[in-house]
Amino acid sequence: MFIVHVFVHVKSEAVAAFKAATLENARNSVQEPGIARFDVVQQRDDPTKFVLVEVYRTEVDSARHKETAHYQIWRDTVADMMAEPRSSIKYANIFPDEQGWD
């Protein structure tokens, strides 16, 4: 699995619109065969901060996701809603798939 955590800080006046656009993207994303999981989480003590937890079957599936129309619509829709550029960290799972253990 290839896992990406995307950190998003949204302008306070754009939170509702960001959530709507992101939930639409997530609903479409989980239909992709290469996506095992796609979570949208909102920080409790700062509702302008979100993390997208994207779990892909392979790294190639992550690249394919970015080619989809729903991702490109989301990206363009939320671009002006960001309080700062989004960032991401990439991970490889080690459990339950023990790949990567020495």
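The values are calculated or read from the model by the stated rules, or taken from the named source; none is laboratory data. From a predicted model like this one, the values you see are computed outputs, not experimental measurements. Positions of Cβ are generated from backbone atoms using ideal geometry, with glycine treated the same way; all protein chains shown enter the neighbour counts.
Pairs needed: first member in region 14-31, farther than 14 Å from D76 by Cβ; second member anywhere, surrounded by fewer than 16 Cβ atoms within 10 Å (Cβ to Cβ) and of a type in the set (K, R); C-beta distance under 8 Å; at least 6 residues apart or different chains.
Between residues of region 14-31 that are farther than 14 Å from D76 by Cβ and residues that are surrounded by fewer than 16 Cβ atoms within 10 Å (Cβ to Cβ) and of a type in the set (K, R), the close pairs are V30/R37.
Tell me the residue from A17, A63, A26 that is more than 18 Å from V4 (Cβ to Cβ), among the aliphatic types (A, V, I, L, M) and part of a helix (DSSP H, G or I), please.
On inspection, the qualifying residue turns out to be A17.
Filter region 66-82 down to residues that are β-branched (V, I, T) and assigned to a helix (DSSP H, G or I) and give me whichever is surrounded by the most Cβ atoms within 10 Å (Cβ to Cβ).
Step one: of region 66-82, the residues β-branched (V, I, T) are 68, 73, 77-78.
With assigned to a helix (DSSP H, G or I) added as a condition, the list becomes 73, 77-78.
Working: I73: 14, T77: 16, V78: 19.
Top of the filtered list is V78.
Among the residues of region 46-55, are any touching a helix residue (DSSP H, G or I) at 6+ places or on another chain (Cβ under 6 Å), hydrophobic (A, V, I, L, M, F, W, C) and surrounded by 17 or more Cβ atoms within 10 Å (Cβ to Cβ)?
No: region 46-55 contains no residue that is touching a helix residue (DSSP H, G or I) at 6+ places or on another chain (Cβ under 6 Å), hydrophobic (A, V, I, L, M, F, W, C) and surrounded by 17 or more Cβ atoms within 10 Å (Cβ to Cβ).
Could we say that D97 is more than 10 Å from the chain's Cα centre (by Cα), in a loop (DSSP other than H, G, I, E, B), surrounded by fewer than 11 Cβ atoms within 10 Å (Cβ to Cβ) and modelled with pLDDT of 95 or more here? Step through it out loud before you land on a result.
Values: more than 10 Å from the chain's Cα centre (by Cα): yes; in a loop (DSSP other than H, G, I, E, B): yes; surrounded by fewer than 11 Cβ atoms within 10 Å (Cβ to Cβ): yes; modelled with pLDDT of 95 or more: no.
Criteria not met by D97.
Please indicate, with yes or no, whether at least one residue in region 1-9 is assigned to a loop (DSSP other than H, G, I, E, B) and under 13 Å from the mean Cα position of the chain (by Cα).
The initial filter retains those residues of region 1-9 that are assigned to a loop (DSSP other than H, G, I, E, B), namely 1.
Of the ones still in play, those that are also under 13 Å from the mean Cα position of the chain (by Cα) are none.
Checked region 1-9: no residue is assigned to a loop (DSSP other than H, G, I, E, B) and under 13 Å from the mean Cα position of the chain (by Cα).
Please specify each residue of region 83-94 satisfying the condition of being surrounded by 11 or more Cβ atoms within 10 Å (Cβ to Cβ) and either assigned to a strand (DSSP E or B) or not charged (D, E, K, R) (or both).
A83, S88, K90, Y91, A92, N93, I94
Under 6 Å between Cβ atoms, at least 6 apart or on separate chains: pull out the pairs that start in region 49-74 with a residue that is within 13 Å of A26 (Cα to Cα) and touching a residue at least 12 places away in the same chain (Cβ under 8 Å) and end on any residue that is part of a helix (DSSP H, G or I) and aromatic (F, W, Y).
H65/Y71
Working only within region 18-37, note down all residues that are under 20 Å from M82 (Cα atoms) and either surrounded by 14 or more Cβ atoms within 10 Å (Cβ to Cβ) or not small (G, A, S) (or both).
Residues satisfying the conditions are F18, K19, A21, T22, L23, E24, N25, A26.
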